[in-house]
Amino acid sequence: MITVFGATGNTGSSLVDTLLAKGLDVRAVTSNPSKLGPLKAKGCEAVTANFTDPTTLQSACAGANSIYLVTPAHRDMRQWKSNAIKAAQSAGVRHVVMGTGLGASPEARLTLGQWHSENQEELKQTGMDWTFVQPTYFMQNLLWQAGTIAKDGVYHDDLGGPVAWIDARDIADVAAEALTGSGYEGKALGLTGPEALTGEDIAAVLSEATGRSVTCAPLSADDSKAAMMAGGMHEEIAAAMIELASLAPKGYLAGIETTVSDVLGRPARRLRDFVAENRDAFVQ
């Protein structure tokens, strides 16, 4: 049995599909009872659990050999992961594949890197096997702007520098290999896409895919933070996201990792392919 936390999120949803396609027993975990039906329809066991409730976390981990652990970006994410790690250890889980972030380590200078590192170090001390899946920015994040791009023909660039965006489906496929294959224990897998793109590059990709002119408009740190908070993000997390974005103009988010191709034996998905697949979202 493999337990997948965040089973309706960007990586979790794809991971459940990939594991089921491999013929494996999957327990999909969500905090939203209304999502149990669609999960069960996929052919997996589906349960609810809350990261603040040790009892439900224990039940979600019971009988599982391995788990995939990821949480939303939240100011309580360190405690949430810690609670799940303790539950997994208590339930006798042997291997935890945990989603963190590229560059997370005890030497990280960024807030999110430090937070992820705390849980990484905690997991290392449990005696369970561990694998860290450490991605950069998700291509799926572009869909947050789909309405504005469709309406105004403008991509608001809140990064200001090249970023090696990755498709969340590639993260899920790598996580599936770490959960089911051998030799990934004790490894941190940095994940990026195959190319680093600027805001102007993204606008050009969107223009090509939609057949209309899409321009790139820089978005200031203050305006970006305000937009995130208006969308319900806590100020502390919004500030941490702005701190992370500040690395892009310095070129620190442009590095290319070959992990996807090394693990999967195929190239990582390109952003132009992701946009083409989701073209309707950017034109309606």
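Applying a threshold of 8 Å to beta carbon distances and a minimum spacing of six or more residues, or different chains, the list of pairs starting in the stretch 180-191 at a residue that is within 14 Å of Ser66 (Cβ to Cβ) and ending at one that is of a type in the set (S, T, N, Q) reads Tyr184/Thr131; Glu185/Thr131. For the stretch 82-99, name all the residues that are assigned to a helix (DSSP H, G or I) and either of a type in the set (A, V, I, L, M, F, W, C) or under 22 Å from Glu177 (Cβ atoms) (or both). Ala84, Ile85, Ala87, Ala88, Ala91, listed by residue number. Taken over the stretch 168-200, the criterion of being farther than 26 Å from Asp129 by Cα and either modelled with pLDDT under 95 or surrounded by 17 or more Cβ atoms within 10 Å (Cβ to Cβ) (or both) is satisfied by Gly193, Pro194, Ala196, Leu197, Thr198, Gly199.
Cβ-Cβ distances below 6 Å connect the following pairs, each with a first residue in the stretch 252-276 that is touching a residue at least 40 places away in the same chain (Cβ under 8 Å), a second residue that is assigned to a loop (DSSP other than H, G, I, E, B) and hydroxyl-bearing (Ser, Thr, Tyr), and a separation of six or more residues or different chains: Ile256/Thr192; Glu257/Thr192.
All of Ala60, Ala46 fail the test of being of a type in the set (A, V, I, L, M, F, W, C), within 21 Å of the chain's Cα centre (by Cα) and in a strand (DSSP E or B), apart from Ala46. State which residue is surrounded by the most Cβ atoms within 10 Å (Cβ to Cβ) when the search covers only the stretch 252-279 and only residues that are of a type in the set (Val, Ile, Thr) and outside any helix (DSSP H, G or I). Residue satisfying both the conditions and the ranking: Ile256. Condition (residue is touching a helix residue (DSSP H, G or I) at 6+ places or on another chain (Cβ under 8 Å), polar (S, T, N, Q) and farther than 26 Å from Lys187 by Cβ) applied to the stretch 42-49: is it met by at least one residue? Among the residues of the stretch 42-49, at least one is touching a helix residue (DSSP H, G or I) at 6+ places or on another chain (Cβ under 8 Å), polar (S, T, N, Q) and farther than 26 Å from Lys187 by Cβ, which makes the answer yes.
Annotation: of all residues in the stretch 9-21 being at pLDDT 95 or above and not small (Gly, Ala, Ser), the one that is farthest from the chain's Cα centre (by Cα) is Leu20.
Taking the criterion of being outside any loop (DSSP other than H, G, I, E, B) and either within 29 Å of Ala164 (Cα to Cα) or touching a helix residue (DSSP H, G or I) at 6+ places or on another chain (Cβ under 7 Å) (or both), would at least one residue in the stretch 70-78 satisfy it? Yes: one or more hits. For the stretch 69-88, state whether one or more residues are touching a strand residue (DSSP E or B) at 6+ places or on another chain (Cβ under 8 Å), crowded, with 20+ Cβ neighbours inside 10 Å and farther than 23 Å from Glu236 by Cβ. Within the stretch 69-88, one or more residues are touching a strand residue (DSSP E or B) at 6+ places or on another chain (Cβ under 8 Å), crowded, with 20+ Cβ neighbours inside 10 Å and farther than 23 Å from Glu236 by Cβ.
If you filter the stretch 5-28 down to residues that are part of a loop (DSSP other than H, G, I, E, B), of a type outside the set (Lys, Arg) and out of contact with any Ser or Thr (no Cβ under 6 Å at 6 or more places or on another chain), you find that the one that is surrounded by the fewest Cβ atoms within 10 Å (Cβ to Cβ) is Gly23. Annotation: Gly103 fulfils all but one of (1) out of contact with any Gly (no Cβ under 8 Å at 6 or more places or on another chain); (2) crowded, with 16+ Cβ neighbours inside 10 Å; the unmet one is (1). Going through (1) touching a helix residue (DSSP H, G or I) at 6+ places or on another chain (Cβ under 6 Å); (2) among the small types (Gly, Ala, Ser); (3) crowded, with 20+ Cβ neighbours inside 10 Å; (4) within 26 Å of Met77 (Cα to Cα) one by one, Ala221 falls short only on (3). With respect to the conditions (1) in a helix (DSSP H, G or I); (2) more than 19 Å from the chain's Cα centre (by Cα); (3) of a type outside the set (Gly, Ala, Ser), Arg109 falls short on a single one, namely (1). Of the listed requirements (1) surrounded by 15 or more Cβ atoms within 10 Å (Cβ to Cβ); (2) out of contact with any Ser or Thr (no Cβ under 7 Å at 6 or more places or on another chain); (3) free of Cβ contacts under 8 Å to residues at least 12 places away in the same chain, Glu235 misses just one: (1).
In summary, Asp152 fulfils each of the numbered conditions (1) of a type in the set (Asp, Glu); (2) surrounded by 21 or more Cβ atoms within 10 Å (Cβ to Cβ); (3) free of Cβ contacts under 8 Å to residues at least 40 places away in the same chain with the single exception of condition (2).
The values are calculated or read from the model by the stated rules, or taken from the named source; none is laboratory data. Being a predicted model, the structure only gives us computed values, none of them experimental. A quick note on method: Cβ atoms are made from the backbone with ideal geometry, for glycine too, and the neighbour counts reach across all protein chains shown.
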